[in-house]
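I have placed the structure first, in the form of C-alpha cells, so that the comments after it can refer back to it.
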Amino acid sequence: LENSLQQTITNFDFTFAGKPTTRANVSNLLRQEKKSPQRHQLWSVTSQVSAVTADDLLKLVQMRNRLARSVNFPDYYSLSLHLHAIKEDWLLKTLNGLEEHTRGPFEEFVESSKKKFRIKSFGAWDFDYALREAVSLPDKYFPSDSVFATIHNFERGIGFDVDSLPIKEVVKDIPYGGLSLALKIPSDSRFLVNPTKGKGFYAVAFHEYGHSLKAVHTDVEFPMLKGYE
C-alpha cells in the first residue's frame with residue numbers, strides 16, 4: 001500500500017487554471033507571484049493529490065497502528081521513534097523549547113511582513129515569498145543548467161575524484177526538493193532534484209550529493225538501519 005501510494009503521489013498529473021502543470025512549475029510561479037490571493041491558489045494545487053490519496057493514507061495509518069499495537073506500542077508513531085532510538089519526551093521538550101525561543105522573532109517577522117507586503121491575513125503560502133524578499137540572492141548567480149558542473153568543481157576541489165564515482169544525477173519532477181537513493185552500497189548511488197530555480201535549487205542539489213558521497217564511500221555493503229534504501 002505504501003509503494004502504491006508513493007507511485008500515485010510521484011506520478012500525479014496536476015492542473016492549474018485548467019491546464020497541466022508540474023510541481024516544479026508551481027514552485028517557480030510561487031517564487032515570482034507578488035499577490036497573496038494568487039499565491040494561495042498556487043499553494044493549493046498540491047491538495048489535488050491529497051484528495052485522491054486520503055482514503056488509502058488513512059488505511060495505511062490504521063494498518064501501521066495495528067502492527068505497532070501487536071508489539072506493545074500504542075501506535076506507529078511511538079514504534080518509529082523507538083526504532084530510530086529517539087526518546088519521545090526528549091523530542092517534544094526539544095521541539096517545544098525551540099518553538100518558545102523563536103516565537104517572538106517569528107511573530108515580529110509575520111507582523112512586519114504583513115505591513116511591508118500589505119497582507120491582511122498572512123497565510124502559509126506567504127512565508128517563502130516574504131523570506132525570499134527579506135534576504136534574497138538573485139537567481140542569475142545560480143543558473144540551473146550549471147548546478148552539476150558547480151557541484152563537481154567544488155567536490156573535486158576538496159579532494160573527491162568525482163569523475164570515477166558511481167553517482168548518477170537526475171532532474172525530475174518529484175514530490176520533494178530532492179531525493180538520494182543508495183541502490184547498492186557502495187557501487188550504485190543516485191539522486192534526484194526537482195527542477196526549481198535559484199539558491200534553493202543549488203542547496204538541495206549539494207545536500208543530496210552529500211548523501212550520495214556517503215553511500216559510495218561506505219565499505220559495509222548491507223543496510224544498518226531498517227528503512228534504509
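Select one label from (1) -0.94, -1.05; (2) -1.30, -1.39; (3) -0.83, -0.98: the one whose number is log10 I(q)/I(0) by the Debye sum over Cα atoms at q = 0.14, 0.15 Å⁻¹ as derived from the coordinates shown. This structure yields the entry labelled (2). For the pair VAL162 and PHE122, a Förster radius of 45 Å applied to the C-beta separation gives a FRET efficiency near 0.55, rounded to the nearest 0.05.
Comparing HIS217, PHE160, SER136 along the charge dipole axis of the chain, the residue lying farthest to the positive side is SER136, per the Cβ-charge model. By the gyration tensor of its Cα atoms, with a ≥ b ≥ c the square roots of the eigenvalues, what is the shape of region 1-54: rounded for a/c under 1.5, prolate for a/b over b/c, or oblate? Since a/c reaches 1.5 and a/b is larger than b/c, the shape of region 1-54 is classed as prolate. Counting only protein heavy atoms and a 1.4 Å probe, the chain has 68 square angstrom of accessible area per residue.
Here LYS172 is the anchor, and the lysines within straight C-alpha reach of less than 19 Å, apart from those fewer than 8 places off in the same chain, are LYS197, LYS199. A crude spin-label estimate for the pair LEU58 and ASP188, with each label 7 Å from Cα along the Cβ direction, gives 3.9 nm. Cross-link partners of LYS116 among aspartates and glutamates, defined as those whose alpha carbon lies under 20 angstrom from its own and excluding same-chain residues fewer than eight positions apart: GLU33, GLU107, GLU108, ASP126, ASP128, GLU133.
Work through the residues other than LEU5 whose Cβ is under 15 Å from its Cβ and net out their charges, Lys, Arg +1 and Asp, Glu -1. It would help to have the intermediate numbers written out before the result.
Details: positive: LYS59, ARG64; negative: GLU2, ASP55, ASP56.
Value of the local net charge: -1.
Label separation (LYS140 vs VAL110): 3.6 nm, computed from points 7 Å beyond Cα along the C-beta direction.
Counting 0.36 nm for each residue step from GLN38 to SER80 and taking away their Cα separation leaves a gain of 11.3 nm. The Cα center of region 77-100 and the Cα center of region 132-194 differ in position by 31 Å. Potential lengthening of the chain between ARG132 and GLU169 amounts to 10.6 nm, from the contour at 0.36 nm per residue minus the alpha-carbon distance.
Overall form of region 1-121: oblate. Here a/c, set by the Cα gyration tensor axes a ≥ b ≥ c, is 1.5 or more, and a/b is not larger than b/c.
The values are calculated or read from the model by the stated rules, or taken from the named source; none is laboratory data. All values reported here derive from a predicted model rather than from experimental measurement. As a convention, Cβ positions derive from the backbone with ideal geometry for all residues, glycine included, and neighbour counts pool all protein chains shown. Remember, those area values only see protein heavy atoms, side chains included, never the ligands or the DNA or RNA. Shrake-Rupley method; radii C 1.70, N 1.55, O 1.52, S 1.80 Å.
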